Amino acid sequence: MTCMTTQPWYVDAFTADYLDVYAHRDGAAAAREAKGALSLLRFSRERERLLDLASGAGRHALAFTAERCRVTCFDLSSDLTRRARAAGLSTVRGDMRRLPFRDWGFDAVTCLFSSFGYFRAEHEHADTLREIARVLSPGGRVLLDLMDPDTVATTLVPQGVDMIGDLVVEVERSMTSDGRRVEKAIRLVRGDRCEKSWIESVRLFSGAELERLIDGAQLELLQTLGDYDGRAYVRGTTRRLVVLRKPR
C-alpha cells in the first residue's frame, strides 16, 4: 500500500509530522550547535545580523536568540514557519532559490542539518548559493552543514522502526547508484493504515563539486571542519561543515 504524493519531497516532509519524526533533535543539541556555529562564524552578537536558512520551526534560531543574536528565520514550510512565529521568532516564508531580501542584508548565513542539497536540478544548488552570496554583506560568512559522501557510505543504517505513541515510523535508507544522493523513505503507519509517506533525497557533493559551487557564487572557502566544536574534518568519518566568506 502506498500513500505517496506527487509534490517535491521537501513540501511533503516539512509539516507538523516532521517534528514528531525528528523529536530526538532537541533544544539541548541545538544550543550546543548554535554556540559552535557562532564561534566558527566569528559572529559579533552586538552588531551583526544572522539569517538562518531552512530554519524549520526555529530550533536553532531559538538557541541563537538565547545567545543574544539578531536572527531572521527563513523556511518554505507554512506549518513550520507558523510554529516559529508562535515562538516569537522573526520569520519569513519563501523559497531559498529566490531570497526576498535586499543585497548585503545579512552579516552571516547558516544552513544547518543537511538542508543544502534538496533540489533535483544541479543549477538550483548553484542558484541557492549565489542567492546566499547576494544577501551577504562584504566580509560576511556562511556556515553550511553537509553530509560527507564517504561517511554516509560507511555508516548508513539501511532500515529502522520507531514508535511515537501508537504511530509507527518505518524508515529505509539508501544511496543512489551513482553515489550522488542519499535517500530516506519514511512511512507513518497507525494500525493497518499508512497515514503519510515521503522520500527524503539530499545531494551529496564531492570536494570538487563543492569547490565549483563556491567559486560560481564568488565566495571563498575558509575552513572545512568535522563538527560544531571545530574538530578536524576526516573524509569517511565525520560530517563536513564548511565556512565560506564573501570577499570585501
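If I build a Gaussian network model for the chain, linking alpha-carbon pairs within less than 10 angstrom, which residue out of Thr110, Thr91, Thr15 has the largest mean-square fluctuation?
Top of the fluctuation ranking is Thr15.
Restricting to the stretch 151-202, what percent of DSSP beta bridges are antiparallel, rounded to 5?
Counting DSSP beta bridges with both partners in the stretch 151-202, the antiparallel share is about 100 percent.
Starting from 0 in steps of 10 Å, tell me what percent of the Cα-Cα pairs of the stretch 20-125 lands in each bin.
14, 48, 33, 5
For the stretch 151-202, take the convex hull of the Cα atoms, compute a quarter of its surface area, and give me that in nm², please.
4.0
Asp229: net charge of surrounding residues, Cβ under 10 Å, Lys/Arg +1, Asp/Glu -1, itself excluded?
+1
Restricting things to Cα coordinates, could you compute the convex hull volume per residue of the stretch 18-75 in Å³?
Residue-normalised Cα hull volume stands at 70 Å³.
Mind listing the long-range amide H neighbours of Val109? Cut-off is under 5 Å, sequence gap 5 or more, other chains count too, H placed in the peptide plane at 1.01 Å from N.
Under 5 Å from the amide H of Val109 lie the amide H atoms of Leu51, Arg141, Val142, Leu143, each far enough along the sequence or on another chain.
Scattering from the C-alpha atoms of the stretch 85-194 alone, worked out with Debye: what is log10 I(q)/I(0) at q = 0.12, 0.14, 0.20 1/Å?
Listed by q, the Debye log ratios stand at -0.65, -0.82, -1.11.
I need the calculated FRET efficiency for the pair Ser39 and Glu195, taking r as the beta carbon distance and R₀ as 45 Å, to the nearest 0.05.
So, using R0 = 45 Å, E works out to roughly 0.65.
Under a 10 Å cutoff between Cα atoms, tell me which one of Val168, Val142, Val202 has the largest fluctuation in the Gaussian network model of the chain.
Maximum among the listed residues: Val168.
Could you compute how fast the chain diffuses translationally, taking Rh as the Kirkwood radius over C-alpha pairs and applying Stokes-Einstein at 10 °C with viscosity 1.306 mPa s? Give it in µm² per second.
Answer from the Stokes-Einstein relation: 85 µm²/s.
Provide Trp104, Trp198, Trp9 in ascending order of the number of other Cβ atoms located within 10 Å of each residue's Cβ, fewest first.
Trp104, Trp9, Trp198
So, R0 is 22 Å and r is the distance between the beta-carbons of Asp162 and Val11; what FRET efficiency does that work out to, to 0.05?
0.45
Given labels modelled 7 Å from the Cα in the Cβ direction, how far is it in nm from Glu46 to Arg120?
Inter-label distance under the simple model: 5.0 nm.
Any chance you could check the Cα centroid distance between the stretch 23-81 and the stretch 164-243 for me, in angstrom?
Between the Cα centres of the stretch 23-81 and the stretch 164-243 lies a distance of 19 Å.
Mind listing the phi-derived Karplus ³J(HN,Hα) values for the stretch 141-157, rounded to whole Hz, using 6.51, -1.76 and 1.60 with θ = phi - 60°, and x for any glycine or proline?
10, 10, 10, 10, 9, 10, 7, 8, x, 6, 5, 4, 4, 8, 10, 4, 9
Which ³J(HN,Hα) values, rounded to whole Hz and listed in residue order, are derived for the stretch 57-72 from phi using the Karplus coefficients 6.51, -1.76 and 1.60 in 6.51 cos²θ - 1.76 cosθ + 1.60 with θ = phi - 60°, glycine and proline given as x?
Whole-Hz 3J(HN,Hα) from phi for the stretch 57-72: 7, x, 4, 6, 4, 4, 5, 4, 5, 4, 8, 6, 9, 8, 10, 10.
How much of the pair distance distribution for the stretch 137-248 lies past 23 Å, counting alpha-carbon pairs only, in percent?
Percentage above 23 Å: 45.
Comparing Ile164, Ile214, Ile199, which has the greatest mean-square fluctuation in the GNM of the chain with Cα pairs linked when under 10 Å apart?
Residue with maximal mean-square fluctuation among Ile164, Ile214, Ile199: Ile164.
List, in order, the whole-Hz ³J(HN,Hα) value for each residue of the stretch 50-55 obtained from phi through the Karplus relation with A = 6.51, B = -1.76, C = 1.60 and θ = phi - 60°; use x for Gly and Pro.
The phi angles translate into 10, 10, 9, 7, 6, 7 Hz.
I'd like the antiparallel share, as a percent to the nearest 5, of DSSP beta bridges with both residues in the chain.
Bridges in the chain that DSSP calls antiparallel: roughly 70 percent.
Cross-link candidates for Lys196: which lysines have Cα within less than 26 Å, leaving aside residues fewer than 8 places away along the same chain?
By straight Cα distance, Lys196 reaches Lys184.
Quick note: the coordinates plus some simple rules give every number you see, no bench work behind them. Predicted, not measured: the structure shown is a model, and the values here were computed from it. All Cβ positions, glycine included, derive from the backbone under ideal geometry; neighbour counts span all protein chains shown.
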